[in-house]
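S.K.: The structure follows.
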Amino acid sequence: MEAFEELVARHRDKIYARAFSMMRNEEEAIDLSQEAWVKGWQRLVQFQGESSFGTWMTRIVINLCLDQLRKQKRQRTESIEAMDDETGGVERHMPPITINPTAGLERNELRQRIDKALGQLSYEHRTVLVLHEFEEMEYKEIAKTMNCSIGTVMSRLFYARRKMATLLNDLRKEK
Amino acid sequence: MNMDHEKQLKLQAFLDEELSEAEAKEVASWLAKDQEATLLLAELRNTRQSMARFEAGVRLPESREFYWSKIEREIERLEPAAARPEPVRTSWLAAWRRFLVPAGAVAALLIAVLVTIGPPTPQGGRLEAESAFNDPGVFTYHDYDNHATLVWLSYPAEKDFPDSDQNDKVQ
């Protein structure tokens, strides 16, 4: 148990960060990351060392977050905006943003803006972004994790990136 | 933007290195001729680079002890047997055997000694057998006339008997 506590101490920031990126809520992220550690303990014998322990644990927390997000989605009515996101929305037709909206920003400022922009994405788009950009998963891995086709992953990732660019550009203009 | 959706996704796959070598070459030559595609690729790349710096500074907003305490409680709640040491109980059979084995051994040895040396000599030979209460697995036989001492050890020790260990555990 002491050795496991040491593992928790070593990886807790990463596991929490991943949960927070997906959930956008500090309290939920803490709860889900702790639940992930309990599951990790229960499944410890299944850890074969094919990936690093940190990677194995992040996959557990991602699956818990996905389950939670799906539950939340079922409980609320989908907005018209979210339906637009799924089918493309206006981002598909917008001209490219020619300047880098985050150029020259300090780390804290950058984090705040990305945080705000991520919060405005639907959970499907946010999750695809998190899995691709932070977890560095390939398209087929994301498709398997999210239980959808590779084409859907590609579309969601494209719209998520374009929407992020638009939102970050809007935030730059506001400043 | 006039680019069709399939091309948009191909451009993105090029950025993410998800294309075959032949497809990547095809996109590279297309990019060289298409200004809009070049701008879109730059936008997608900028977004990806901005995101890469996001998680680096995220820290858990709770102390190590507080965070761990909830995990530990939950583990103990779900797996009480694994989390706590089991109490060791002695079964009646093992308890009896602790006394019966050395007592039987003493009796056997005495019989063996009597058979070997025959009845007591007319001079009155002195024989003595001892058993320690704090360690019933050991007893000593002394023959003072012949200057002989025999120490009997029960080995392995009673508590190390694998079958009794198994029986003692509470499942």
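S.K.: Enter the mean number of other protein chain beta carbons within 10 Å of the beta carbon of each residue in A:93-105, as an integer. The partial results should precede the final answer.
M.R.: Numbers: counts 3, 3, 6, 13, 6, 4, 3, 7, 4, 6, 3, 0, 2.
Mean partner-chain Cβ count within 10 Å for A:93-105: 5.
S.K.: When Cβ neighbours within 10 Å are restricted to other protein chains, what is their mean count per residue of peptide A:160-167? Spell out each step's value before the answer.
M.R.: On the way: counts 2, 9, 7, 1, 7, 6, 2, 1.
Mean number of neighbouring Cβ atoms from other chains: 4.
S.K.: Pick from A:PHE158, A:PHE53, A:PHE20 the residue whose mean-square fluctuation is largest in a GNM of chain A, springs joining Cα atoms under 10 Å.
M.R.: In this elastic network of chain A, the residue with the biggest mean-square fluctuation among A:PHE158, A:PHE53, A:PHE20 is A:PHE53.
S.K.: Based on the alpha-carbon gyration tensor of region A:86-174, what equivalent-ellipsoid semi-axes (square roots of 5 times the eigenvalues) come out, in whole Å, largest first? Could the numbers behind the result be given before it?
M.R.: Values: eigenvalues 113, 48, 21 Å².
Semi-axis lengths for region A:86-174 are 24, 15, 10 Å.
S.K.: Determine the principal axes of the Cα atoms in region B:18-61, then give the extent along each, sorted from largest to smallest and rounded to whole angstroms.
M.R.: Principal-axis extents of the Cα atoms in region B:18-61, largest first: 49, 23, 7 Å.
S.K.: So what's the gap between the Cα centers of region B:33-52 and region A:8-47, to the nearest angstrom?
M.R.: What the calculation gives is 33 Å, centre to centre.
S.K.: With respect to the cross-link table entries A:LYS73/B:LYS70; A:LYS14/B:LYS25; A:LYS116/A:LYS140; A:LYS39/A:LYS163, which display a Cα-Cα separation exceeding 31 Å? Can you show the working numbers first?
M.R.: Details: A:LYS73/B:LYS70 28 Å; A:LYS14/B:LYS25 37 Å; A:LYS116/A:LYS140 28 Å; A:LYS39/A:LYS163 35 Å.
The answer is A:LYS14/B:LYS25; A:LYS39/A:LYS163.
S.K.: Need one number: the % of Cα-Cα pairs in chain A sitting beyond the 27 Å mark. Walk me through the numbers before you get to the answer.
M.R.: Numbers: 4778 of 15225 pairs.
The proportion of pairs with Cα distances above 27 Å equals 31 percent.
S.K.: Could I ask something else about it? Using only the alpha-carbon atoms, what does region B:5-82 span along each of its principal axes? Please give whole angstrom values in decreasing order.
M.R.: 67, 26, 20
S.K.: Could you work out the relative contact order of chain A, using alpha carbon pairs under 8 angstrom and six or more residues apart, expressed as a whole percent? Intermediate values should be presented prior to the final figure.
M.R.: Details: 124 pairs, mean separation 39.5, N = 175.
It rounds to 23 percent for chain A.
S.K.: If packing is taken as the average count of other Cβ atoms within 10 Å, what order do A:143-154, B:12-23 fall into, highest mean first?
M.R.: A:143-154, B:12-23
S.K.: Helix-derived [θ] at 222 nm for chain A: sum -39500 (n - 2.57) over DSSP H runs of at least 4, divide by residue count, nearest 500? Walk me through the numbers on the way to the answer.
M.R.: On the way: 8 runs with 122 residues, N = 175.
Helices in chain A give a 222 nm mean residue ellipticity of -23000 deg cm²/dmol.
S.K.: Compute the acute angle (0 to 90°) between the alpha-carbon long axis of helix A:26-42 and the principal axis of greatest extent of the alpha-carbon atoms of chain A; round to the nearest 10°.
M.R.: The angle comes out near 40 degrees.
S.K.: Averaged across B:54-67, how many Cβ atoms of other chains sit within 10 Å of each residue's Cβ atom?
M.R.: On the way: counts 14, 12, 4, 6, 11, 4, 12, 6, 6, 0, 4, 2, 0, 8.
Taking the mean over all residues of the peptide, I get 6.
S.K.: Taking the beta-carbon count within 10 Å as an exposure proxy, list A:ARG74, A:ARG18, B:ARG77, A:ARG126 from fewest neighbours to most. Mind dumping the intermediate values first?
M.R.: Details: A:ARG74 7, A:ARG18 27, B:ARG77 10, A:ARG126 22.
Fewest-to-most Cβ neighbours within 10 Å comes out as A:ARG74, B:ARG77, A:ARG126, A:ARG18.
Throughout, read-outs are computed from the coordinates displayed, never taken from laboratory work. From a predicted model like this one, the values you see are computed outputs, not experimental measurements. Quick reminder, even Gly has a Cβ in these numbers, built from the backbone with ideal geometry, and neighbours come from all protein chains shown.
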